[in-house]
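These notes concern the structure reproduced below.
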Amino acid sequence: MGRISEQGISSLWPSLEFIQDNILILTASVLGGAGLYLLRIVLGRTLSPTQYGQFSTVASILMIMGFLVGAIGYTATKILEEVNLIDLTVACLILAAGFACTVLLLQPILLTHLELTAIVLLVPILMRVPILSIYQPILGFHQKARNFRKVAVSEIFEAVFLLAVSGIIFLQGDVSLLIAVLLFPLASLVSTIAILPNSPRPKLQPTLSGIKRTFSDLPNSIGINSLLLIPTTFDMLIVSARFTGAIVGFWGVLTVFGKAYTIITRAVSRVMFPDSTTESEDSIIESVILCSVLGIGGAAIGILFSDFWIVTLFGQKYSSMVGLLPEYMLMMLPYPAIALFGIHSFGSGNPRQGTILFVVVSVLYLSTAIASTLSQIIWILAIGHYLILVGIGSYKLTAQGRA
């Protein structure tokens, strides 16, 4: 409270520069989200609920891979002056290849529990390994240099690709499950091509010290990305293992709307993170306010027009989800603030605080395995999200009181 009285209410509103940077990134993210949503809507209408559940499961695995390897992008913003891009690229390749090898080793278990075929599961993962290895280090360079326009252009190119493909699938009225899952690595390839021009040329020979330096800094960055990863990803895998058939597809439809919160949070965190290593808390306050305002507006639209978002867009076969959408949107509403608090903790050199939050959130999402219905999953997560948010608020007020 002392901080508020000293600086005034106006200090809590995001600065003009912060808003301008975020408007650029958010605009690109909205376009990217529009492309992603249109693709998922078209696939939801084209595929059967069971096939759509399988598609959503593979998409979640690819997202886990993207967030894990995407930690290199955040690491690059901190150590790019100390290591070369080639060192980051090699470290990224090792990380992506390690994930792919893990999936290969777990293939028998995954195929059994997730009702997938080997080709649908493995081909998109193997395709994404080299793409992410090139994209993430260069993305980190542009974030470090605050070239948000370049980052935005990359996302816009990906959005245009997704929109075009969605139109083709809609006109044809048919698509195979294999083609559907391959669209994600192909979209990543388009995004990578867009970000390459005017990027620095890396040295051709990597150094062991640079690669070690990259991996030594990764834990914090993985923590940052993991907090964005958990919602609408881990829960999708738990539902895939816990339920079968069309039920998984039903949950996949709901998570389409939950990803809006993740997209907003990720976009804002990209602008916040280069400044989060300072002791000032302005970036986290501005970020939480911006995400909360956008989140409340999005939740209101989702709740007021839930029938349109579910039945009109995805089809009558998902009508049973209309009643769950308002609950789902309200359940996800606190998560951006939770994730941004964790991101600031890792970025400002407080990994213990970030790790505790990561463990608490992980336990909450893993606990959804005890649920027997999708509604129970939503209520477990809703109670957990709001309790965590209250806990963070109490912790911050206590810390300010001691200061």
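The values are calculated or read from the model by the stated rules, or taken from the named source; none is laboratory data. Computed from a predicted model, the values in this text were never measured in an experiment. So basically every Cβ, Gly included, is an ideal-geometry build from the backbone, and we count neighbours across all protein chains shown. The protein model used for the area step is the full one, side chains on, heavy atoms only, and it has no ligands, DNA or RNA in it. Shrake-Rupley method; radii C 1.70, N 1.55, O 1.52, S 1.80 Å.
Ligands, DNA and RNA left out, the accessible area of the chain computed with a 1.4 Å probe is 69% carbon and sulfur. When nucleic acids and ligands are ignored and a 1.4 Å probe is applied, Lys144 ends up with an accessible area of around 80 Å².
Here are labelled values, (i) 22.4, 68; (ii) 20.6, 64; (iii) 22.1, 73, and one is the computed Rg and Dmax of the Cα atoms in Å for what I pasted. Which one? The value computed from this structure is option (ii). Remark: segment 90-98, residue by residue, has Karplus-estimated 3J(HN,Hα) of 5, 4, 5, 4, 5, 5, 5, 5, x Hz, where x stands for each Gly or Pro and the curve is 6.51 cos²θ - 1.76 cosθ + 1.60 at θ = phi - 60°. Quick one: if the Förster radius is 41 Å, what FRET efficiency do Ala399 and Ala145 give, using the C-beta to C-beta distance and rounding to 0.05? Working from the Cβ atoms, E equals 0.80. Of the residues Leu290, Leu85, Leu366, the one that moves most in a GNM of the chain with alpha-carbon contacts below 10 Å is Leu366. Here the calculated FRET efficiency for Glu115 and Val160, from their Cβ-Cβ distance with R0 = 30 Å, stands at 0.35, rounded to the nearest 0.05. Estimated from helical segments only, the mean residue ellipticity of the chain at 222 nm is -27000 deg cm²/dmol, where each DSSP H run of four or more residues counts as -39500 (n - 2.57). Here the Karplus relation 6.51 cos²θ - 1.76 cosθ + 1.60, evaluated at θ = phi - 60°, turns the backbone of segment 388-400 into coupling constants of 5, 4, 5, x, 5, x, 5, 5, 5, 5, 5, 5, 5 Hz, with x for every Gly and Pro. Binning the alpha carbon pair distances of segment 160-225 at 5 angstrom intervals from zero yields the distribution 3, 12, 13, 13, 14, 15, 10, 9, 7, 3, 0, expressed in whole percent.
My understanding is that a pair violates if its Cα-Cα distance is over 32 Å; which of Lys212/Lys396; Lys259/Lys317; Lys144/Lys396; Lys203/Lys259 do that in this structure? Violating the 32 Å limit, Cα to Cα: Lys212/Lys396; Lys203/Lys259.
Separation of segment 294-323 from segment 166-227 is 30 Å, based on Cα centroids.
Taking the chain as a Gaussian network, where each spring joins two C-alpha atoms under 10 Å apart, which residue of Gly342, Gly249, Gly393 fluctuates the most? Largest GNM mean-square fluctuation: Gly393. Using a probe of 1.4 angstrom and keeping all protein chains present, the accessible surface of segment 16-401 works out to 40 square angstrom per residue.
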